2 protein chains.
Amino acid sequence: MITFERRPEDYRHWRLAVDGRIATLTLDVDEDAGLVPGYKLKLNSYDLGVDIELHDAIQRIRFEHPQVATVVLTSGKARMFCAGANIYMLGASSHAWKVNFCKFTNETRNGLEDSSRHDGLKFIAALNGTCAGGGYEVALACDEILMVDDLSTVVSLPEAPLLGVLPGTGGLTRVVDKRKVRRDLADIFCTSVDGVRAERAKRWGLIDDAASPNQFPDLVRRRAEALAAGSDRPPEAEGVKLGPLQGEADDTGLRYRHVDACYDRDGRTVTLTVRGPQQPQPQTIEELLAAGDGWWPLAMARELDDAILMLRTNEPTLGLWVLKTQGDVQAVLDAGRVIIANRDHWFVRQTVGLLRRTFARLDVTSRSLYAVIDESSCFAGLLFELALAADRSYMLSFLEGEGPAVALDETNFGLLPAVNGRARLDTRFHGDEAALAEARDLAGILLDAAAAEDAGMITVASDELDWEDEIRLALEERASLSPDALTGLEASLRFPGAEVLQTKIFARLSAWQNWVFYRPNATGEHGALKLFGSGTRPQFDWERV
Amino acid sequence: MITFERRPEDYRHWRLAVDGRIATLTLDVDEDAGLVPGYKLKLNSYDLGVDIELHDAIQRIRFEHPQVATVVLTSGKARMFCAGANIYMLGASSHAWKVNFCKFTNETRNGLEDSSRHDGLKFIAALNGTCAGGGYEVALACDEILMVDDLSTVVSLPEAPLLGVLPGTGGLTRVVDKRKVRRDLADIFCTSVDGVRAERAKRWGLIDDAASPNQFPDLVRRRAEALAAGSDRPPEAEGVKLGPLQGEADDTGLRYRHVDACYDRDGRTVTLTVRGPQQPQPQTIEELLAAGDGWWPLAMARELDDAILMLRTNEPTLGLWVLKTQGDVQAVLDAGRVIIANRDHWFVRQTVGLLRRTFARLDVTSRSLYAVIDESSCFAGLLFELALAADRSYMLSFLEGEGPAVALDETNFGLLPAVNGRARLDTRFHGDEAALAEARDLAGILLDAAAAEDAGMITVASDELDWEDEIRLALEERASLSPDALTGLEASLRFPGAEVLQTKIFARLSAWQNWVFYRPNATGEHGALKLFGSGTRPQFDWERV
């Protein structure tokens, strides 16, 4: 079982050093500490384990080091920043593993941009040595790319010519969409094994600046300070320590304090239950800080994040996730009010950021998501985002008496945008201003199934008599469909309307990469990825498809 | 060898009837007239041959029947509009065939929307019977969808649940992006085998209107007339007849009057040469109409269109297309001036439309495209779009004396938008207004290699001494790379920036479909597509990827 919790004192591949407003994350991969046996992580190449540490380190900087405004990513090896994802690891991995690995690394890259955009945390890639493939894709996710200008250091995306696959972590998209490299120059860059040195890299827009080896540390320091000067991260704040999650995992599911995942292996489904606040909640900033990592929104988000990653990686055959909530609607709305009232405080902002990134993982999870809204549920405010992220939702209605209710609040209108950068309600109603205004008017009102259906907030309302059969049939039916068709279908329906870089990466670049990964020209017996390093040349089927 | 020229008198599957402002295209598939042996086209299902006829019919309406303002697509069979792409054909086809088939049908659908958007030609899908899968995708490409409201007629996209593949012709994208169906309702619709009858279809936004069988013809006529009333297609104009192309094809290449394709099978490349005007060109509308289908822009576009389709379908291993032009730069600029001066005349508009759609085929062609600009070339104005569509361009520079030149004109600034709806120059410069203004200032000026390189119009300038080696090496290098990696790479780099429905279909939905088509869950021995109709249930690998 692959786990995603890490402690800085156990890092094998990264060193985190904090110096006032600037943190330095140094990549110094232990080549003998691969996550699974069978390959050596030479030349600062990475596998999932290296990236899990990076994810953990960034998370700790966000919460435990709030005074840090700029993070410098650099290398602890001589003349080599990072050689990218380890090729032998990729060559030996299953299709599903490769795809899931790329998804997680993509989310970590997106996470850098998310913190830069929303939370004032800036990133500099300080390329003190050659930076190839996935290494350059990490750099592309940073706010600035600085590069040492010597005779040997290059940046490159050699995946296509060298391995017969694509740069799998957003490289193609970010080169043209973010860096705005002209597309014919990008074509040369992405089909060249040799890469590009500093002068041309700067001219083409592949990096922001370069300096000689002697002057490079100065350049990095200067740019890091400049970015820090523009940041609103709080210089004097004390951090909030992220303690262990204390989750339990066994063959029947995952159990945390606020989140459970319960497996039904025969039905190929998992029921993922998120519980609302169960105790009186802190109201003031002082109380929030005193609660620390025990504050419900933060604790819940960390657990849900971990559960999503664990399920994706360890339970690929549980293809349908039933999203449930349990608790008191008013308690969730109260928590939302505290968040909204204190949204400018750094700790609340970071917690909102984690909620945003965690819910956004659902948007790109290749599992069917059904929200089931039953008697004990509390799909309100920020937890209603779970229902909005789902592919569809079912809600129980009572024939008589007060049935379950859902409710919106201010958190549903832009605080927690999906991967496409828009509120899920905005996407749901295709930006229809009238529909959105009506939805705003409903904020704070408890909606039973009929009202929720009328308002377009749920997919299906079902009364007590039909409820059990309806849910059972719905789950059985979905779980019987082709997993691949569902993955393509869900990826196509989840992001209607305008696209952004991140959805282009997930829903387009990843789709091409999935296809390329699966083709014999890459992973067949004579494929380029398979044969890399063997001394044998790949043999291609020359047909263009 | 598959050919794409058709004559209405030879149609096997469509009937075209023109009645004043309204044309009716009736689908009445001859089930015994499949394009290749091995399947029967039952239930008005289609194969590539049926779609080639549709493409031809629409083309003839555009040019030969300029008075037609609305095209009604309907069925000649009882209770069945169209069952979609023939499943046995798909099940028996190679991966490359399926993908190429979907590309052509996609382009035909996009062509309907292109003519609606730019040229006032409107389309109504008159669903006088059940409309499933690809049949509904044809309807989605029309301006309005009308449906008979009876007990049996449904619309459906049953590909995922029935066949384990995606609706491959834009269905998923158009349902949410164009029809703005709420995405959870779309999820139900696209996973249901049974489909949706008129009342719900209208409520969900899947159709525009419905009527009982008795009242349906009236409804169709009323809507067709309403759309025609808003059209600026000329009610009194006489058409221009599209005569045969008189091309020749053999194992060495294709030869037309203005276009040649010359194969280098060892080098896996084809040189596609477009010749500029070779005789004095018509200047007035009367002269243009007298020239008819012999007018150079129209004749050249028809030949190039045919060549692109022939190469894609019949020569999949020629992975690199070298785009060349031959002729006089001033003659091409002259032709551009005549187009611009008469751009509001219906015949010029239609010719521009064909140029636009033909060049747009290059944008989505899964072949590497290199423009080679040498001594005899005339990459000017509308032919410069070929260089802009290419993945990169090489231009010969002379050490002394006047070398080859390229030139822009007004046709390069919005008349011929790429698939993403933007001028190729706009995409090239990422919408940078300053760069575009500089480019505008260059219109009409002959640019040699140095000037073109300075202006960012070409990728590589190479002098006489290096030219031959540089081109030879460039072609060899490209032709040596993995065809699949190149397909994914080119699809990712060609559309930086904002997306539109059409690029989402090509670069995203198609990528997912490629992957799904290639997976055993669809096309393996126990796959759903393979086993359809056999009575045997598919066996899925349940792993979600």
Test A:Arg440 against the criterion of being among the charged types (D, E, K, R) and modelled with pLDDT under 95, and give yes or no.
no
Filter pass, B:Tyr11 being closer than 17 Å to B:Ser75 by Cα, hydroxyl-bearing (Ser, Thr, Tyr), out of contact with any Ser or Thr (no Cβ under 9 Å at 6 or more places or on another chain) and buried (at least 17 other Cβ atoms within 10 Å of the Cβ):
yes
I'd like to check something: does segment B:236-243 contain any residue that is among the β-branched types (Val, Ile, Thr), over 25 Å from the mean Cα position of the chain (by Cα) and over 29 Å from A:Asp187 (Cα atoms)?
no
If A:Pro483 meets every condition in (1) within 13 Å of A:Asp391 (Cβ to Cβ); (2) of a type outside the set (Val, Ile, Thr); (3) at the interface with chain B (Cβ under 7 Å from one of its Cβ atoms); (4) touching a residue at least 60 places away in the same chain (Cβ under 8 Å) apart from one, which number is that one?
(1)
Within segment A:88-103, how many residues turn out to be crowded, with 21+ Cβ neighbours inside 10 Å and touching a Leu at 6+ places or on another chain (Cβ under 9 Å)?
6
For segment B:216-239, indicate whether the set of residues that are touching a Gly at 6+ places or on another chain (Cβ under 7 Å), modelled with pLDDT of 95 or more and among the aliphatic types (A, V, I, L, M) is non-empty.
no
Testing B:Phe540 on (1) within 7 Å of chain A (Cβ to nearest Cβ); (2) in a loop (DSSP other than H, G, I, E, B); (3) over 28 Å from B:Asn86 (Cα atoms), one condition comes back false. Which one is that?
(3)
Looking at segment B:484-499, which of the residues that are of a type in the set (Gly, Ala, Ser) and assigned to a loop (DSSP other than H, G, I, E, B) is surrounded by the fewest Cβ atoms within 10 Å (Cβ to Cβ)?
B:Ala498
Checked B:Leu320, B:Leu355, B:Leu309, B:Leu333 against criteria (crowded, with 19+ Cβ neighbours inside 10 Å and within 14 Å of chain A (Cβ to nearest Cβ)); the one match is B:Leu320
Residue pairs within 6 Å by beta carbon, gap of at least six or interchain, first lying in segment A:318-337 and closer than 18 Å to A:Ala371 by Cβ, second modelled with pLDDT under 95 and outside any strand (DSSP E or B), listed first then second, are A:Gly319/B:Arg544
With respect to A:Gln502, is the statement that it is more than 9 Å from chain B (Cβ to nearest Cβ), assigned to a helix (DSSP H, G or I) and closer than 21 Å to B:Leu509 by Cβ true?
yes
Considering only segment A:126-162, state which residues are farther than 13 Å from A:Leu73 by Cβ, within 14 Å of another protein chain (Cβ to nearest Cβ) and either in contact with a Lys or Arg (Cβ under 6 Å, 6 or more places away or on another chain) or of a type in the set (A, V, I, L, M) (or both).
A:Leu157, A:Ala160, A:Leu162
Evaluate the following for B:Val165: is it under 15 Å from B:Gly84 (Cβ atoms), part of a loop (DSSP other than H, G, I, E, B) and either at the interface with chain A (Cβ under 7 Å from one of its Cβ atoms) or not β-branched (Val, Ile, Thr) (or both)?
yes
Please note which strands (runs of 3 or more DSSP E) are completely contained in segment A:189-293 and include at least 3 residues that are touching an Asp or Glu at 6+ places or on another chain (Cβ under 9 Å) and within 30 Å of B:Glu453 (Cβ to Cβ).
A:209-211
Restricting attention to segment B:391-403, the residues that are closer than 26 Å to B:Glu490 by Cβ and surrounded by fewer than 24 Cβ atoms within 10 Å (Cβ to Cβ) number exactly 3
Lone unmet requirement of (1) among the β-branched types (Val, Ile, Thr); (2) in a helix (DSSP H, G or I); (3) within 11 Å of another protein chain (Cβ to nearest Cβ) for B:Ile471:
(3)
Looking at segment A:474-482, can you tell me whether even one residue there is of a type in the set (Lys, Arg) and either crowded, with 24+ Cβ neighbours inside 10 Å or farther than 17 Å from B:Leu166 by Cα (or both)?
no
Pair list, Cβ < 7 Å and 6+ apart or interchain, from segment B:119-147 residues that are hydroxyl-bearing (Ser, Thr, Tyr) and modelled with pLDDT of 95 or more to residues that are in a strand (DSSP E or B) and surrounded by 24 or more Cβ atoms within 10 Å (Cβ to Cβ):
B:Thr130/B:Phe81; B:Tyr136/B:Val155; B:Tyr136/B:Ser156
By residue number, the members of segment A:206-236 that are over 30 Å from A:His345 (Cα atoms) and touching a helix residue (DSSP H, G or I) at 6+ places or on another chain (Cβ under 8 Å) are A:Leu206, A:Ile207, A:Asp208, A:Asp209, A:Ala210, A:Ala211
Can you work out which of the residues in segment A:90-105 that are closer than 14 Å to A:Arg361 by Cα and either without any contact (Cβ under 8 Å) to a residue 40 or more places away in the chain or touching an Asp or Glu at 6+ places or on another chain (Cβ under 9 Å) (or both) is farthest from the other protein chains (Cβ to nearest Cβ)?
A:Thr105
Quick check on my filter: what residues within segment A:440-456 are surrounded by fewer than 16 Cβ atoms within 10 Å (Cβ to Cβ) and within 14 Å of chain B (Cβ to nearest Cβ)?
A:Asp454
Could you list, ordered by first residue, the pairs with Cβ atoms under 6 Å in which the first is in segment A:177-201 and more than 9 Å from chain B (Cβ to nearest Cβ) and the second is part of a loop (DSSP other than H, G, I, E, B) and β-branched (Val, Ile, Thr), at least 6 apart or interchain?
A:Gly195/A:Val154; A:Val196/A:Val154; A:Arg197/A:Val154; A:Ala201/A:Ile207
Does B:Glu375 count as surrounded by fewer than 24 Cβ atoms within 10 Å (Cβ to Cβ) and without any contact (Cβ under 8 Å) to a residue 40 or more places away in the chain?
yes
Return yes when A:Leu311 is assigned to a helix (DSSP H, G or I), within 22 Å of A:Asn342 (Cβ to Cβ) and at pLDDT 95 or above and no when it is not.
no
Determine the pairs where a residue that is among the acidic types (Asp, Glu), located within segment B:234-253, has a partner that is surrounded by 16 or more Cβ atoms within 10 Å (Cβ to Cβ) with Cβ atoms under 6 Å apart, the partner being 6 or more residues away or on another chain.
B:Glu248/B:Arg255
Would a scan of segment A:392-407 turn up a residue that is within 11 Å of chain B (Cβ to nearest Cβ), in contact with a Leu (Cβ under 9 Å, 6 or more places away or on another chain) and not acidic (Asp, Glu)?
yes
Among residues of segment B:511-526, those that are in a loop (DSSP other than H, G, I, E, B) and more than 7 Å from chain A (Cβ to nearest Cβ), counted:
3
Meets criteria (of a type in the set (Lys, Arg), at the interface with chain B (Cβ under 9 Å from one of its Cβ atoms) and either in contact (Cβ under 8 Å) with a residue 24 or more places away in the chain or in a loop (DSSP other than H, G, I, E, B) (or both)) for A:Arg508
yes
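The values are calculated or read from the model by the stated rules, or taken from the named source; none is laboratory data. Because the structure is predicted, anything quoted here is derived from the model rather than measured. Note: ideal-geometry Cβ built from the backbone for every residue, glycine included; neighbour counts use all protein chains shown.
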